[in-house]
Amino acid sequence: MKPDLSAFRWTRQPKAYQITENGITITTEANTDLWQRTYYGFQNDNAPVFQMTTDEAYFSFLVKTEFDSSRRYDQCGVVLYLDSENWLKASIEYENESCQRLGSVVTNHGYSDWATTDIPASVRAMWYRLSRRGSDYCIECSDDGITFHQMRICHLWEGGGTIRFGIYACSPEESSFEARFTELSLTECQWKAHV
């Protein structure tokens, strides 16, 4: 099922964006990011996120991202943002002309982690699937929108009950790029119960 984009709301609306029937385009602004404390004490909580709200305990959210980033840490992807100290995100972060980092961050009670794997810098599109089972979440990725690979399973301490989820894009350094989000869909939970 295609989600109703009129039900989505901005947290920190970007200066430049476009919403159509086919998807969303965000032009990132310099020095925007989501990160909390871990490793070097840095905190930044100013990336734009575009989300819908639900209390459905079991579902999957799918989105395709396309991007033309070329500056270190540029990123766009899927997000579940509750507040500045409780959220998760998955994206590709540009590193240099040969390497990018496909990864995810989970932030519980104000501390972020970061799990990554290196991929070629030539990758310019990725599908993400975020699945919910109560307060537990599974993030998967795909290079064709058909076959998905698990990136991580995680728990959000404040992730029960009503949540917000959607998309985000940011440029932590002095840069800007265009992030495109299409093929958004909501389905029954594709992350099956463990047996």
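The values are calculated or read from the model by the stated rules, or taken from the named source; none is laboratory data. All of these numbers come straight from a predicted model, not from anything done at the bench. Note that each Cβ is placed from the backbone with ideal geometry, even for glycine, and that neighbours are counted across all protein chains shown. Ligands, DNA and RNA are excluded from the accessible area calculation, which covers all protein heavy atoms including side chains. Shrake-Rupley method; radii C 1.70, N 1.55, O 1.52, S 1.80 Å.
Structure data summary
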{"quantity": "Accessible area, probe 1.4 Å, largest first, for residues I26, I119", "calculated": "I119, I26"}
{"quantity": "Ratio Rg/Rh, restricted to region 47-195 and using Cα atoms, in which Rh is the Kirkwood radius", "calculated": "0.94"}
{"quantity": "Trypsin sites (Lys or Arg not before Pro) within region 114-172, DSSP loop, no more than 13 other Cβ atoms inside 10 Å", "calculated": "R124"}
{"quantity": "Peptide ranges 74-86, 47-59 listed from the most packed, as the mean C-beta count within 10 angstrom indicates", "calculated": "74-86, 47-59"}
{"quantity": "4 °C / 1.567 mPa s Stokes-Einstein diffusion coefficient of region 69-154, Kirkwood radius on C-alpha pairs, µm²/s", "calculated": "97"}
{"quantity": "Solvent accessible area, Å² - D4, 1.4 Å probe, full protein context", "calculated": "90"}
{"quantity": "Cα-based Rg and Dmax for region 134-177, where Dmax is the largest Cα-Cα distance (Å)", "calculated": "14.4, 38"}
{"quantity": "Residue-normalised accessible area of region 68-146, expressed per residue, 1.4 Å probe, Å²", "calculated": "38"}
{"quantity": "Rh (Kirkwood; distinct C-alpha pairs) - region 6-81, Å", "calculated": "14.5"}
{"quantity": "Carbon and sulfur %, accessible surface of the chain computed with the full protein complex present, 1.4 Å", "calculated": "47"}
{"quantity": "Sites V123 and E158, calculated FRET efficiency, Cβ-Cβ separation with R0 25 Å, nearest 0.05", "calculated": "0.20"}
{"quantity": "For region 152-195, the spread of Cα positions along each principal axis, largest first, Å", "calculated": "47, 27, 22"}
{"quantity": "Fraction in percent of alpha-carbon pairs per bin - 10 Å, region 26-124", "calculated": "14, 46, 34, 6, 0"}
{"quantity": "Hull shadow area, averaged, region 109-195 [alpha-carbon convex hull, nm²]", "calculated": "7.9"}
{"quantity": "Probe 1.4 Å, all protein chains present, accessible-area order of S176, S91, largest first", "calculated": "S176, S91"}
{"quantity": "Straight-distance crosslink candidates among lysines, where the alpha carbon sits under 17 Å from K2 and sequence neighbours closer than 8 are dropped", "calculated": "K64"}
